[in-house]
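Shown next, in structure tokens, is the structure this report addresses.
The values are calculated or read from the model by the stated rules, or taken from the named source; none is laboratory data. It should be emphasised that the depicted structure is a prediction, and the values quoted were computed from it without experimental measurement. Positions of Cβ are generated from backbone atoms using ideal geometry, with glycine treated the same way; all protein chains shown enter the neighbour counts. Areas reflect the complete protein model, heavy atoms only, side chains present, ligands, DNA and RNA absent. Shrake-Rupley method; radii C 1.70, N 1.55, O 1.52, S 1.80 Å.
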Amino acid sequence: MILDLIGIKLRMVRGTLRSDEGRLRGPFFAVLSLMFAAALFRSGHFIVTQSLMLEPVGELLVQRLLAITLLVFFGLLVFSNIVTSFSSFYLADDLEFLMAQPIPKDAMFTSRFLEAMLQSSWVIILFGVPLFSAIGYGMGAHWSFYPYLVLVLIPFVAIPTGLASILALLVTNILAANRTRDAALFFGLVGFATLFVVIRSVQPERLLNPESFDSIGELMRLLSVPTTSYLPSDWVINMLAPMLFGTRGQWMWSATFLALTPLALYFISAWLHRPLYFRGYTKTQEGRHGGGLMTIARNWAVERSRRAGGDYHERMAKLRALGEQPLSSLKALVHKDQAVFMRDASQWSQLLIVVAIIIIYLVNFKYFEIAANEALLGDVGLSFFNLAACSFVTVTLCGRFLFPAVSVEGRSFWLILQAPISLERFLVGKWLGSLAPIVIIGQLLIWSSNLLVGTPFLTCLLSGIQILVITVICAAVAVGMGALYPQFHNPNAAKIASSFGAVIFMISCIFLTLMLLGMWFYPSMTITQPERFGSLSFGLWAIAALGIVIAAFTPVIALKAGASSLRARF
Amino acid sequence: MSTDPVASSPLPESSPDDVIVRVRGLHKKYGDFTAVDHIDLDVPRGEVFGVLGPNGAGKTTTLRMITGLIAPDRGEVIIDGHDLGRAPVDARRVTGFIPDRPYVYDKLTTLEYLRFIGGLYKMKANHVAARIEELLTLFGLKEWADSLIESFSHGMKQRLVFCGALLPEPSVLVVDEPMVGLDPRGHRLIKSLFRELVADKKMSILLSTHTLEVAEEVCDRIVIINHGRIVARGSLGELRLESGQTDGNLEQVFLRITEESQAERDQAVAERFGHEPGERP
């Protein structure tokens, strides 16, 4: 039964890969993922070899970086599992059908548990395995380290799933039905905030610049202190330590905990699910129509935006007052998108995350500047780092808000296909309509971070222009690729933003922005600091010019490709 | 009735000026499955033209290709002189479409939705206002002009989709299953509306329906599609003669024309899936 329930999902994936579009996109995704994994492996390996050169603390430094990376992954897994558990145990569309079938409770629980675990953990496979392998390779680990690493990571990813399934069960049973979604959001944000505080207390940026420590003793003290006791990420380190660093300190203890904790959590969760799951499920179904905080806030916003243009008679009078003037199709598309976005409560929780990203970005940048100034990157490197980090935030925002823009048309897309407008114009409407908020956030980030560290005005200006161009390009690529990988059947914008297509967008856009920033780096430095960089060779100017050409054509190509893909699809 | 279950009904000659929708060799496959098999169709101007057929016959696919929602593999569609393949925007400007399920933007109000449609068709503002007023009154939605569509019942959404499709006054209205979700009052409204649109506005209507009583009452001409091909076409009188049911109603005519033995059915289904009868796809 469990295999049947999981198998049906796998067969759906296989069906997608066998479909006309899947046949092309599957291999494309695989190649892009491999490239990304290779890039991660290369960067990880570089950091490890650089750290090992720092005698006598090199090995401890690697250990520490590994600990921080694992801690970040653990935090991400907790966050992702909480969201996934609520969704796959209580809110998934197929539950209504499955609950009506004669499926044993334990089978249902186990299949959902495995599904949540797989769904939340693929990020570890894509990002984690290359990074951890790079550390193994850098440390010259035996070949058996790699299969052993996979064995260690399996219980590591199962622990957050166990915790999240119990948390979701308790929340759905204890809280009033209509508070469930609020609670999911609350616990997610608390998890995220805790992780942020823990990582900040470790001050990872100081490790990049060992000279910022007053004495070697202080550095050794920081390096040898365990990050946090009793955390699964520490158990993983203790398990990997014999293979990487030749130390066996707490291997036995950690192995026991790492093996038993997920099993215990699974059995406790399964045992609790027997009497409590149905009650929780029923309450969440009631909650779909309830008046949680989000619903109250949404109703308020809807009412405000609905009344903004006056009542029926006032709106009609305004329309009549326009006389013979033809209405604009582009304006109609933009106004429609704005109204739909404003009134969709599922988008709001994401806005909170945007605010969190901005705060984290600015706070981290300030710390980074203090720790890494001159010694590691220098002001030039820091400026590039800032541009790259800001571009990364822009890419993330585009991935979250613009990539799903075509998909959220959903089943209403027939209206666009049947209307007398070209799909190119439709995509341009999506692009221009959502550009303003992303541009404002991008400019806010780059100007405030630059001003925060006292960057000269000319550098601020050039950085601002570069981020503006990058934002405009990323927005177009997001809309275009969203049209290449549409999910019209998926009503949840947040899920669309974490789909395979969205990951492909993220990876390609990060490559693209880094390439463009690289192409423009030396010319912009020559303009801002001519005394240091002197005059540039013709070749470097030509590369910068090529960057401008690429920047000019990318939006056109992205939107055209998106429109042709949509045309071919129907 | 027929020994050849997928026999096509030949298209009678007609002058291009009398035809608003001209379809030639329309063909669509999904993988190995042939959904629509080289259909030829002429929809005369100023008539209600019905497309009937059993479930899975290819009616909706045909209508969706005519409205540009699905691209055909082969064949051409010319609407009021505009080739849908070469000038899709011009062809769509004169076409209105009402799908079987009224999926619209739930987060918009009725007025916002209709104004949005007016924008897509680049209509003049004062004309949009006048049409909105007229259509909301006609379909009994004026009281809900400021309400969000998400609060509407299925039938109300269907009425709203009618309003949206009629707003730009298209030359041809393509309707897929118009009666789904409508109450008896709605049925009556739609039936009389179709006749009025044809008589007063000189509109042409192409509709697919399972409600044979509607087809019998409003359609001037009918085609019957089975297994992706047109198996009969003509006025109700002509279909009666063709089927041998001279005194029968449309239901009897329809059942007679689409009647087939199990062997004939197997043969037709196998052909559509591109394999031999009895062979598993």
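With a 1.4 Å probe on protein heavy atoms only, work out how much accessible surface B and A bury together, total over both chains, in Å² to the nearest 100.
4000
State in Å² the accessible area per residue of chain B; use a 1.4 Å probe, count heavy atoms of protein chains only, and round to the nearest integer.
Averaged over the residues of chain B, the accessible area is 42 Å².
With a 1.4 Å probe and all protein chains left in place, how much of the accessible area of the protein assembly as shown comes from carbon and sulfur atoms, in whole percent?
The C+S portion of the solvent-accessible surface of the protein assembly as shown is 64 percent.
Tell me what the protein assembly as shown gives for mean residue ellipticity at 222 nm when only DSSP H runs of n ≥ 4 count, each as -39,500 (n - 2.57), the sum divided by the residue total, rounded to 500 deg cm²/dmol.
One gets -21500 deg cm²/dmol as the mean residue ellipticity at 222 nm.
Just the accessible area per residue of the stretch A:1-44, please: how many Å² with a 1.4 Å probe?
Dividing the accessible area of the stretch A:1-44 by its residue count gives 72 Å².
Using Cα springs under 10 Å in a Gaussian network model of chain B, which residue among B:GLY53, B:GLY68, B:GLY31 shows the largest mean-square fluctuation?
In the Gaussian network model the winner is B:GLY31.
Given A:VAL453, A:ALA563, A:ASN386, which one lies farthest toward the positive end of the charge dipole of the stretch A:331-570, if we put +1 on the Cβ of every Lys and Arg and -1 on the Cβ of every Asp and Glu?
A:ALA563
Considering only B:LEU26, B:LEU52, B:LEU69, give the residue with the highest GNM mean-square fluctuation for chain B, with springs between Cα atoms whenever their separation is below 10 Å.
Of B:LEU26, B:LEU52, B:LEU69, the most mobile in the Gaussian network model is B:LEU69.
Ratio of the stretch B:106-169's C-alpha Rg to 2.2 N^0.38 Å, to two decimals?
Scaled against compact globular proteins, the figure is 0.99.
Identify all lysines with a Cα-Cα distance to A:LYS560 below 18 Å; exclude those on the same chain that are fewer than 8 residues away in sequence.
Answer for A:LYS560, where 18 Å is the Cα cut-off: A:LYS430, listed by chain and number.
With +1 on the Cβ of every Lys and Arg and -1 on the Cβ of every Asp and Glu, and nothing else charged, how large is the dipole of the protein assembly as shown about its Cα centre, in debye rounded to the nearest 20?
Roughly 1420 debye for the protein assembly as shown.
Which residues, if any, in the stretch A:315-330 lose at least 20 square angstrom of accessible heavy-atom surface (probe 1.4 Å) when the other protein chains sit next to their chain rather than the chain being alone?
A:ARG315, A:MET316, A:LEU319, A:ARG320, A:GLY323, A:GLU324, A:PRO326, A:LEU327, A:SER329
Net charge within 15 Å of B:SER243 by Cβ-Cβ distance, Lys/Arg positive one each and Asp/Glu negative one each, not counting B:SER243 itself?
-4
If I take every Cα pair under 8 Å that is 6 or more residues apart in the stretch A:331-570, average their sequence separation and divide by the length, what percent do I get for the relative contact order?
Value for the stretch A:331-570: 29 percent.
Sort largest first and round to whole Å: the equivalent ellipsoid semi-axes of the protein assembly as shown, each the square root of five times a Cα gyration tensor eigenvalue.
57, 33, 26
If you average over every viewing direction, what projected area does the convex hull of the Cα atoms of the stretch B:147-281 give, in nm²?
With every direction weighted equally, the projected area is 11.5 nm².
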